[in-house]
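Heads up, the thing below is written out as structure tokens.
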């Protein structure tokens, strides 16, 4: 659990045990400030604007949001599915949980088809070990899964932190849509979306969309290998 989330839980508990209006107001303000921090894991389906100065500057826009997904170990799969599927976005939290687990199983069962083309064996990553990780809905995943999902779904995946961008998450194919995910303290993933002034949600970005153009520049600046 994030330390920020732990502090927020303590504040929420304190909030429920006080009656003084001034104290309640102070605690409420602290809770809201923590919710807007990129170190805080959001409740499922809650949207909060990206507040990191680096990411706000990079996006060049204030209409970028992260969205809460289940944090039971399959958060990366939930994040990708949120961006990929309108059905998932419209579903209840319980339905999303089930859809995310089904999606994870689907990816795990496709591993054998793609394993040899990904160079995992040369890197010492055994197929059976990776399959066991993928099939376990409580197991946190890393770069191998980012690359595998990118290949299976024909998408690009850009993984961010509040103050940086991860390097080497597969090759960027400009013909494919790009999904953006934020990593929270190496413990949780959440999808990043754009909400237009009309209210329309953009969860899959084209190569010419402003957020992607900006993120590619950040990648080129911070990473050894450019897209």
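Within the stretch 207-226, how many residues are surrounded by fewer than 18 Cβ atoms within 10 Å (Cβ to Cβ) and either under 19 Å from residue 49 (Cβ atoms) or touching a helix residue (DSSP H, G or I) at 6+ places or on another chain (Cβ under 7 Å) (or both)? Adding up the residues that qualify gives 4.
Among the numbered conditions (1) at pLDDT 80 or above; (2) outside the structural domain of residue 93 (by TED's automatic domain parsing), the only one that residue 26 does not meet is (1). Within the stretch 150-189, the set of residues being in contact with a helix residue (DSSP H, G or I) (Cβ under 6 Å, 6 or more places away or on another chain), more than 18 Å from residue 209 (Cβ to Cβ) and crowded, with 22+ Cβ neighbours inside 10 Å comprises 188, 189. Residue 69 fulfils the conditions (1) touching a helix residue (DSSP H, G or I) at 6+ places or on another chain (Cβ under 8 Å); (2) under 25 Å from residue 206 (Cα atoms); (3) part of a helix (DSSP H, G or I) except for a single criterion, (3).
Residue-wise test of (1) outside the structural domain of residue 161 (by TED's automatic domain parsing); (2) surrounded by 14 or more Cβ atoms within 10 Å (Cβ to Cβ); (3) touching a strand residue (DSSP E or B) at 6+ places or on another chain (Cβ under 8 Å).
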residue	(1), (2), (3)
62	no, no, yes
92	no, no, no
96	no, yes, no
102	no, no, no
111	no, yes, no
116	no, no, no
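Can you confirm whether residue 81 is over 17 Å from the mean Cα position of the chain (by Cα) and in the same structural domain as residue 186 (by TED's automatic domain parsing)? When the stated conditions are applied, residue 81 does not pass them.
Can you find a residue in the stretch 129-144 that is surrounded by fewer than 15 Cβ atoms within 10 Å (Cβ to Cβ), under 19 Å from the mean Cα position of the chain (by Cα), within 19 Å of residue 66 (Cβ to Cβ) and in the same structural domain as residue 57 (by TED's automatic domain parsing)? Taking every residue of the stretch 129-144 in turn, none turns out to be surrounded by fewer than 15 Cβ atoms within 10 Å (Cβ to Cβ), under 19 Å from the mean Cα position of the chain (by Cα), within 19 Å of residue 66 (Cβ to Cβ) and in the same structural domain as residue 57 (by TED's automatic domain parsing).
The values are calculated or read from the model by the stated rules, or taken from the named source; none is laboratory data. Only a predicted model underlies this, so the values are computations on that prediction, with no experimental measurement involved. So basically every Cβ, Gly included, is an ideal-geometry build from the backbone, and we count neighbours across all protein chains shown.
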